[in-house]
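A short write-up of the structure that comes next.
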Amino acid sequence: MNKFSRIGFILTAAGSAVGLGNIWRFPYITGEYGGGAFILVYLLAILFIGLTVFLAEAVIGQNGQADVSTSFVTLSKTKNKNWKYAGFMVATGLIILSFYSVVLGWILDYMIKSFVFLPTEAKIAGENFENLISNDISSLLLYHTIIAGTVVFIVLKGIKEGIEKINLILMPLLGLILFGLLIYAFTLDSFSQAVSFMFSPDFSKIDSNALLAALGQAFFTLSLGVGTILTYSASLPKNANIVKSSFIVASVDTMIALVAGLIIFTFLFTAGAKSAAGPGLVFISLPVIFSSWGILGNIIAVSFFLALVFAGITSAVSMIEPSLRFFIERFKISRVKATILCGTTFYILGIIALLSMSKSFGEVLTFFGKNAFDIMDFASSSIMMPIAAIMICIFLGYFVEKKTLEEKFTKHTSYTIFSIWYFLIRYIVPVAIIILFLNKLGAI
Ligand code: PHE
Ligand code: NA
């Protein structure tokens, strides 16, 4: 079995973490919840909850050196075979990947068009976006196919030659583009306005919805609850320092989200646009702003969407890997067969997702008032991810020998860090997630 190098693991796990969640989702959610106070809550959620679950997945994976199901069973006190059902979480990654690939398709379309065309008015920009997602089925199919094909091509080559390699190339490039955009934003007058929007908290904006949004974002952004971090950690040498690596990955992810926020809010404020523009933020508001900058605007727009594509591809490959490893190890099939099976599944689900937003097929693909795209989003991030996260906490907190975990941690870090983590995993995190979960389902 191929193993990651230390830097390979950090870059690859960071590649998974850094994605549309940082550059597309984080800014618009921050905008909707009013900035500074939300960011503070989000940072606390990352530090105490996200990092705790990240470490949990890393411990299970590194210890098991196998797919999700097998790793759970191996680590459990009694080797109870029923823990194999934890393997359900690999399906979540495939569901997320289905609509993530569609969104990446929109981004590809925007990147290509931005070379020659940018809308000059918000109204036109809105119509363009609407037209793409509801009428232009052939383009959407083409882009979804390109993205899905790219993902399949990369994972077919395996964890070292495919996944690690693509991350070693794309992650530095992504860093470079974002750095360039940050420097440019820094030269604009509105930069200081963006800084104060993001870092001066107004606590009157914080309610239970904001808390839940922060927690949900912390999970999504760190790629938790789908077995990605677990599966990547299973390709890590048993003596690698996962505590340190986890801190680094969480820090990198957080930094990129903050940088993306600074860039986007500076651009928005420069144009006097609203910070609360919702999911259309980067597809509607930004292109109009870019268009007022002439040819420089085209260059910035293309770079920006290219950065999103790079960030998204490295996350996309990490969503399919847990299910590949699951099928390869549990059903003893080849990587090629597993890729065909999982690739076809998410490709078809993606087509259903994109058709469900179109005028022609929207109605037949709408169930209980939600279209298939929204159902996949809701089922994965509001139901399956939290269930997996709760399961991970309860498993480590109550069904695994404390001594085993303690040894794992104290090999690399102090006993104090271990005790804090153990306390969080047993009591704080599961309770917080259960509250989030019930609230999202509307029971609280
Ligand atoms: N963390 C990724 C992002 O921020 C999304 C992701 C979720 C990746 C789950 C893998 C698994 O875009
Ligand atoms: Na992220």
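The values are calculated or read from the model by the stated rules, or taken from the named source; none is laboratory data. These numbers were taken from a predicted model, which means no experiment stands behind them. Heads up, the Cβs are rebuilt from the backbone with ideal geometry, glycines too, and the neighbour counts pull from every protein chain shown.
Would you be able to say whether some residue in segment 14-21 is among the aliphatic types (A, V, I, L, M), surrounded by fewer than 23 Cβ atoms within 10 Å (Cβ to Cβ) and away from ligand 1 (no atom under 16 Å from the Cβ)? Among the residues of segment 14-21, not one is among the aliphatic types (A, V, I, L, M), surrounded by fewer than 23 Cβ atoms within 10 Å (Cβ to Cβ) and away from ligand 1 (no atom under 16 Å from the Cβ), which makes the answer no.
No other residue among 248, 295 is surrounded by fewer than 24 Cβ atoms within 10 Å (Cβ to Cβ), more than 16 Å from ligand 1 (Cβ to nearest atom) and over 14 Å from the mean Cα position of the chain (by Cα) apart from 295. Would you say residue 76 is over 27 Å from residue 212 (Cα atoms), crowded, with 24+ Cβ neighbours inside 10 Å and at pLDDT 95 or above? No. Only one of the listed residues (136, 67, 109) is of a type outside the set (Gly, Ala, Ser), free of Cβ contacts under 8 Å to residues at least 60 places away in the same chain, more than 16 Å from ligand 2 (Cβ to nearest atom) and surrounded by 20 or more Cβ atoms within 10 Å (Cβ to Cβ). That residue is 109.
Listed by first and then second residue, the pairs with beta-carbon distance under 6 Å, at least 6 apart or on different chains, first residue in segment 206-223 and of a type in the set (Lys, Arg), second at pLDDT 90 or above, form an empty list. If I filter segment 41-64 down to residues being more than 17 Å from the chain's Cα centre (by Cα) and aliphatic (A, V, I, L, M), which single residue comes out as surrounded by the fewest Cβ atoms within 10 Å (Cβ to Cβ)? Step by step, filter segment 41-64, then rank; the result is 44.
For residue 73, the stated conditions hold: it is touching a Lys or Arg at 6+ places or on another chain (Cβ under 6 Å), of a type in the set (Val, Ile, Thr) and either over 20 Å from residue 149 (Cα atoms) or within 12 Å of ligand 1 (Cβ to nearest atom) (or both).
Number of residues in segment 402-429 that are under 18 Å from residue 76 (Cα atoms) and surrounded by 12 or more Cβ atoms within 10 Å (Cβ to Cβ): the value is 9.
Is it true that some residue in segment 212-221 is crowded, with 23+ Cβ neighbours inside 10 Å and over 22 Å from the mean Cα position of the chain (by Cα)? No - not one qualifying residue is present in segment 212-221.
Among the residues of segment 209-232, just one is aromatic (Phe, Trp, Tyr) and under 11 Å from residue 318 (Cβ atoms), namely 232.
Within segment 316-338, restricting attention to residues that are crowded, with 24+ Cβ neighbours inside 10 Å and of a type in the set (Ser, Thr, Tyr), which residue is farthest from residue 157 (Cα to Cα)? This residue is 323.
Please determine, by comparing only the residues of segment 199-231 that are modelled with pLDDT of 95 or more and among the polar types (S, T, N, Q), which one is farthest from ligand 1 (Cβ to nearest atom). Restricting to residues being modelled with pLDDT of 95 or more and among the polar types (S, T, N, Q), the top hit is 231.
Looking only at helices (runs of 4 or more DSSP H) that lie completely in segment 114-219, which have at least 1 residues being under 21 Å from residue 306 (Cβ atoms) and charged (D, E, K, R)?
165-186
Residues that are free of Cβ contacts under 8 Å to residues at least 40 places away in the same chain and assigned to a helix (DSSP H, G or I) within segment 412-434 comprise 415, 416, 418, 419, 420, 422, 423, 426, 427, 431, listed in sequence order.
Among residues of segment 236-258 that are away from ligand 2 (no atom under 16 Å from the Cβ), those with a beta-carbon under 6 Å from a residue that is outside any helix (DSSP H, G or I) and β-branched (Val, Ile, Thr) at least six positions away or on a different chain give the pairs 243/413.
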